Amino acid sequence: MLHKIISRTLPYFPPKLIWQFSKSYIAGETSQDAINASKALNRENIMVTLDILGEFIKTMSQAAKNRYAYLTLIRTIEAAGINANYSLKPTMFGLLIDKKICFEYIRELTAEAASHGNFIRIDMENSPCVDDSIDIFRRLKREFPQNIGLVLQAYLKRTLNDLESMLDLRRDDAALNFRLVKGIYVEPADIAYKDYHEINDHFLKDLEFMLKNKIDAAIATHDTPLIQGALHLIDKYQVPKEHYEFQMLYGVTPKKRRELVKNGHRMRVYVPFGEQWFGYSTRRLKENPAMVKHIIKALFYK
Ligand code: FDA
């Protein structure tokens, strides 16, 4: 109950306090911070996916700024020779304001990544964005078969159907590539599973469908039963190393990721950075109410 109240009031917490919590989950505010974090991860034999923070923007001039920031990031990272690809959120480019321009911006960024032989992952946002994000992915997959991927959320009841409906995009020379996650947004019960076990069951069903159908899988979870379930499926379908990778969030469960790397699995860490860290941080806090306790402590026991 207390957690619920705190979660609702989070947006009104002093940013300084939220930053105390956030700094372990965010590489920093600048691309140099992201480069430093990426280099450290690369040294541990861990790949990264870079994400500039900012979402659900209100004006298309913000979308244009975000387009420029990503273009600059891609050029900087490629010049620095970092083992990274890129994740982006369509609402950051105006998905909910002007779909046509949003598509053009994401297309331009995909073309830029493709020109370096690299890859863009379209993050999945809340349910009103799913159809349009799939549509953007479908169109780009035809034009840049090797360079674009999408995220699918196991908590959504529609996900297995979405997987089936995209099989037509498979090509011999370019597998489909999806990151599978539980899903982080608060969704209504008629469209999303709510129970931990139900979500985990569907995560493994979706993953099994992917591996059976030779879809490249980015298995994005820190949940030990899911990691074990995924390892079992990888073994069952004898999936070659280059067709799957594990993914974890920056600052979360570093011991688990090291263990997987030690056992020879590919690992990629999602590295968010940028000035717009407040929305990302409060969502993480809402998702993991245990962390709210630390905020309460910080508030009352200075
Ligand atoms: P679960 O939430 O059950 O966590 C399992 C364990 O991991 C916890 O018990 C705890 O030990 C640890 N843990 C998890 N989160 C933690 C945290 N914040 N702080 C400390 N410990 C934590 N979602 C989405 O809707 N769209 C997207 O595009 C993405 N993209 C994405 C990329 C990557 C690389 C990852 C890893 C995750 C996402 N997500 C996402 C988020 C995802 O949907 C989900 O909310 C989180 O990964 C947490 O779910 P777990 O599977 O880790 O299980």
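A few notes on this one:
- Note: relative contact order over the chain, using C-alpha pairs below 8 Å and six or more positions apart, is 25 percent.
- Normalised by residue count, the chain yields a Cα convex hull volume of 136 Å³ per residue.
- Only Lys, Arg (+1) and Asp, Glu (-1) charged, at Cβ; the chain dipole about Cα centre in debye: 960
- Between residue 42 and residue 214, the modelled labels are 3.2 nm apart [label points 7 Å from Cα along Cα→Cβ].
- The stretch 101-132 and the stretch 237-261 have Cα centres spaced 23 Å apart.
- Basic side chains Lys and Arg get +1 at the Cβ, acidic Asp and Glu get -1 at the Cβ, and with that the dipole of the stretch 1-160 about its Cα centre reaches some 340 debye.
- Accessible surface, per residue, of the stretch 62-133 when the full set of protein chains is kept, probe 1.4 Å, Å²: 38
- Nearest-0.05 FRET efficiency for residue 168 and residue 111, computed from C-beta distance (R0 25 Å): 0.60
- Environment charge at residue 242 (Cβ cut-off 11 Å; Lys +1, Arg +1, Asp -1, Glu -1): 0
- Within the chain, percent of DSSP bridges classed antiparallel, to nearest 5: 5
- Considering all C-alpha pairs of the stretch 23-91, those separated by over 21 Å amount to 26%.
- Accessible area of the stretch 108-234 belonging to carbon and sulfur atoms, whole % at 1.4 Å probe: 50
- Principal axis box of the stretch 26-162, alpha-carbon based, largest edge first, Å: 39, 35, 29
- Accessible surface of residue 201 - all protein chains present, 1.4 Å probe, nearest 10 Å²: 90
- Backbone N under 13 Å from the residue 278 label point (7 Å along Cα→Cβ), restricted to the stretch 41-68: 54-55
The values are calculated or read from the model by the stated rules, or taken from the named source; none is laboratory data. Just so it is clear, the structure is predicted and the values come from calculations on it, not from any experiment. Methodologically, a virtual Cβ is constructed for each residue, glycine included, from the backbone with ideal geometry; neighbour enumeration extends over all protein chains shown. Side chains included, ligands, DNA and RNA excluded: accessible areas come from the protein's heavy atoms. Shrake-Rupley method; radii C 1.70, N 1.55, O 1.52, S 1.80 Å.
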